[in-house]
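As C-alpha cells, the structure follows; a few thoughts come after it.
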Amino acid sequence: MHRIIGHYSAIDSLAIPLLFSVQERLVLVRLDHVRPGMALVLDQPKWFLREGGLTMSLFLGPFRAFSISFSLYRTAAGHLVTTIGAVQGRHCEEALSIYRDLTHTLHGLRPRDFLIEMLRIVCRFLKVDELVAVSDAARCHRHPYFKGTFMDSQNYDAMWEDRGGRTQGPDFYTLPLAPARRDLATVKPGKRSMYRRRFDLLDGLDADVCRHLPHLHPVRFADC
C-alpha cells in the first residue's frame, strides 16, 4: 500500500501532468514515419495494475502489440525511482509474425528492447535517479495465488542482463539509465549501417518525446 500511495505521490510531485483516468491515454509520440499507424502510448490498463501504475505500450493502430508496466516512488532521501513490474507481448496467432516485422522495422531492435529504451528516455526526462526491474523469481505471476497457471516464455533475469542490468538482491535488477549504445567498432562491417540507423532513430525519438511530453493532454480511447 505504501508503494501504491508513493506512486501517485511521486506523480503529483512531477513538473509535468501524468495524472489521468483509466479511460484516457497519453500518446507520447506517433511513429507513422517509422511504420504507418504505430504509436507509443501511456495508459493504465486494469490488467496491469498488479505490476505497475503506468503502462507504456507500442500500438499498431488499435492493436496493443507490446507493453512495459512500471511505477514511480520517492525514497526517504527524495530520490525518484522507477520500478518495472512487467514486460508483456501478445499470445495471439499472428504475434510472431508481427514481432518479426517490427524487429526489421526497428533496425534489428526487438519490440521489448525498444520499449525499455523508450522508458529510459522518459526516465531521463523525468530526472529519475534509479531504474530497477523485478527479477524473474519475484514477478507477480510467480506468486502461489496463480497456481502456476500463467504461461510466459520470457525469462526476466536474462532480459535485464541483456540490457545491462545487475542484480540488486534476490528480487530486483538495477538497469542503467544511459542509452544502450554498442561500439560500432565491435560490430561486423555488414551490420554497422543497421546499427547507425537504429541509433539515429532512438536519438530522434529522444528529442521528440522530450519536446512533446510537457505539452501532452489525455485523450479518450476512441481518439487514439
Backbone N under 20 Å from the A207 label point (7 Å along Cα→Cβ), restricted to the stretch 16-48:
28-35, 40
Checking the a/c ratio against 1.5 first, then a/b against b/c, what shape does the Cα gyration tensor give for the stretch 36-125?
prolate
Using a Gaussian network model of the chain whose springs link C-alpha atoms within less than 10 Å, name the residue from M38, M194, M118 with the highest mean-square fluctuation.
M194
Listed peptides 16-24, 133-141, 91-99 by packing density, highest first (mean Cβ within 10 Å)
133-141, 16-24, 91-99
Which number do you get for Rg(Cα) / (2.2 N^0.38 Å) in the chain?
1.00
Compute the signed sum of charges (Lys and Arg +1, Asp and Glu -1) over the other residues within less than 13 Å, Cβ to Cβ, of R198.
+2
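With the contact rule set at Cα under 8 Å and sequence spacing of 6 or more, what percent relative contact order holds for the stretch 2-223? Walk me through the numbers before you get to the answer.
Numbers: 341 pairs, mean separation 44.7, N = 222.
For the stretch 2-223, the relative contact order is 20 percent.
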Counting only complete DSSP H runs, which helices of the chain cover 20 Å or more along their long axis at the Cα atoms and score a mean Kyte-Doolittle of -1.0 or above?
111-125, 192-212
Across I84, I11, I116, the residue with the highest GNM fluctuation in the chain (Cα network, 10 Å cutoff) is I11
Farthest towards the positive end of the dipole of the stretch 2-223, among W47, I121, Y73 and with Cβ unit charges of +1 on Lys and Arg and -1 on Asp and Glu, lies the Cα of I121
Out of R90, R124, R192, any idea which swings most in a Gaussian network model of the chain, alpha carbons joined below 10 Å?
R192
Compute the length gained on full extension between H217 and L14: take 0.36 nm times their separation in residues and subtract their Cα-Cα distance, giving the result in nm to one decimal.
71.6 nm
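Just how large is the dipole of the chain about the Cα centre, in debye to the nearest 20, putting +1 at every Lys and Arg Cβ and -1 at every Asp and Glu Cβ? Walk me through the numbers on the way to the answer.
On the way: 30 positive and 24 negative charges, 66 e Å.
Using only the charged Cβ atoms, the result is roughly 320 debye.
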Whole-angstrom gap from the stretch 160-189 to the stretch 85-137, using each part's C-alpha centre
13 Å
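Run lengths n ≥ 4 of DSSP H only: what is the helix-derived mean residue ellipticity at 222 nm for the chain, with -39500 (n - 2.57) per run over all residues, to the nearest 500?
Details: 5 runs with 66 residues, N = 224.
For the chain, the value works out to -9500 deg cm²/dmol.
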Taking Lys and Arg as +1 and Asp and Glu as -1, residues besides A207 with C-beta under 13 Å from its C-beta add up to -2
Take the Cα atoms of the stretch 89-135, find their three principal axes, and give me the spread along each one in whole Å, biggest first.
39, 25, 14
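The numbers here are math on the coordinates, done by the rules we state, and not lab data. All values reported here derive from a predicted model rather than from experimental measurement. Quick reminder, even Gly has a Cβ in these numbers, built from the backbone with ideal geometry, and neighbours come from all protein chains shown.
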